[in-house]
Amino acid sequence: MKKPLAYRMRPKNIDEVVGQRHLVGPNKIIRRMVEAKMLSSMILYGPPGTGKTSIASAISGSTKSAFRQLNAATDTKKDLQIVVEEAKFSGQVVLLLDEIHRLDKPKQDFLLPHLESGLVILIGATTENPYISISPAIRSRTQIFEVKPLSIDDMVIAIKRAMTDEVNGLGTMAVEMDDNALLHFARSSMGDLRGSLNALELAALSTPANEDGVVMISLEVAEECLQRKALVHDKNGDAHYDVISAFQKSIRGSDVDASLHYLGRLLEAGELIVVCRRLLVIAYEDISFGNPAAAARTVSAVQAAEKLGLPEGRIPLAHAVIDLALSPKSNSPIEAIDAAMGDIQEGNAGEVPAHLKDSHYKGAEALGRGVSYKFPHAYEGHWVAQQYLPDSIKNAHYFKPVLTGKYEQALAGQLEKLTKGK
């Protein structure tokens, strides 16, 4: 029986791993382990289809180690014993143990001494937070690495590789795919490469060839095979970005119904990562000091949604969208930092005043560094008037409060008090 495309396209060595550059990129930890041939047991945690099994397979292939795969929930202690016996015969086995958070105590107790001796290099895979779901005994014998959802660019690379690979992919078939379909395969699975590759194979095998004998995978075919409608209906993906733009502008404009509508469109298209990133931007760009607590709550909602995935993740995201849409708005921080950076880009920087310069070295006093600095904590109210900006821009004012919320009103009052004090 032929294995699924996602299985066949698993990387054979560390150089074939797509994404996860923070782990397998040049001079990164897992690559260093492989290149030094100094493997240690580890736990890889992250969303489904993001490369946990691929990394384990690549480690095995790069080090020429025997590789076995078991499931902590369904395979028995006897299965583990067989792997250990094989390791004793071959010298070492890399064991990928899926769903390691479900490893029961008898299996764990059997495995621990073999991890200690290095006979078994355990690569545990889990979608659960290992600091919460995995026993301390296993955690103390492993290194923990987070595997992150693949970017759209990474997904495109992997899909194109599967289309052209003549040994394990679809390279021997006459298959062509339009740009919109490619983008949909890359975007709609939320960084789950396994789901995209298996849907791609379904599309290639179930679509009739045209008169020239070529299987043409259109956007409509991609939607059918992924069972997700696409937001993108043009070559450059303008509609996709139009919806994201409308999402932010609706929240900024305090239209809660429109905000929820565009949230729904993005989630229906599987754009969980896009929504999470955009909400974090909105929280600090458009609401900010208008309601700082809502910005903090948005961070928590995004973290919850990322852990839950879809469909459950829609609940904390809706919470955040309603909260942000109905909050007082302020963009004073982004205006302030842009104004400050604008001065710098135009060359209006100037020299740091002498009394603010570093004085923690011998000879600093002779150079006048930090000599006349006034330590604010030594004064009443922990404040004293002194110049901090360079002489050339000493009268510059960047932060201009927006009085839409009580918090920023309080900041404005404090700023006015300090300004009068100067």
Per residue of the chain, what 222 nm ellipticity follows from adding -39500 (n - 2.57) for every DSSP H run with n ≥ 4, rounded to the nearest 500? -14500 deg cm²/dmol
In terms of the charge dipole of the chain, which places +1 on Lys and Arg and -1 on Asp and Glu at the beta carbon, the residue among 280, 250, 415 farthest towards the positive end is 415
Please give the FRET efficiency for residue 153 paired with residue 364, using the beta carbon to beta carbon distance and R0 = 51 Å, rounded to the nearest 0.05. 0.60
Return a whole-number percent for the relative contact order of the chain, with Cα pairs under 8 Å and 6 or more residues apart as the contact set. 11
Between residue 105 and residue 293, how high is the FRET efficiency from 1/(1 + (r/R0)^6) when r is the Cβ-Cβ distance and R₀ = 30 Å? Nearest 0.05. 0.10
Rounded to the nearest 0.05, what FRET efficiency do residue 2 and residue 268 have when you use their Cβ-Cβ distance and R0 = 35 Å? 0.60
Counting every C-alpha pair in region 211-359, the percent lying more than 19 Å apart is 62
Under a GNM of the chain (C-alpha, springs under 10 Å), which listed residue has the highest mean-square fluctuation: 19, 363, 350? 363
Need one word for region 1-77: rounded, prolate or oblate. Basis is the Cα gyration tensor (sqrt eigenvalues a ≥ b ≥ c); a/c below 1.5 gives rounded, then a/b vs b/c decides. prolate
Considering only protein heavy atoms, what per residue accessible area in square angstrom results for region 306-422 with a 1.4 angstrom probe? 70
Report the net charge of residues surrounding residue 306, where surrounding means a beta-carbon distance below 14 angstrom and charges are Lys +1, Arg +1, Asp -1, Glu -1. 0
Over 30 Å between C-alpha atoms is what I'm after, so list which of 2/28; 362/417; 28/107; 64/160; 52/77; 249/422 land there. 2/28; 362/417; 28/107; 249/422
Taking all protein chains as present, what is the carbon and sulfur share of the accessible area of the chain, in % to the nearest whole number, probe 1.4 Å? 54
Could you tell me which label, among [x] 80, 59, 39; [y] 60, 49, 36; [z] 74, 59, 47, carries the value of Cα extents along the principal axes in Å calculated for this structure? [x]
What's the center-to-center distance, using Cα atoms, between region 59-96 and region 297-355 in Å? 47
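The values are calculated or read from the model by the stated rules, or taken from the named source; none is laboratory data. Quantities reported herein were computed from a predicted structural model and do not represent experimental measurements. Neighbour counts are summed over all protein chains in view; Cβ atoms, including those assigned to glycine, are modelled from backbone coordinates with ideal geometry. Calculation scope for accessible area: heavy atoms of the full protein, side chains included, ligands and nucleic acids excluded. Shrake-Rupley method; radii C 1.70, N 1.55, O 1.52, S 1.80 Å.
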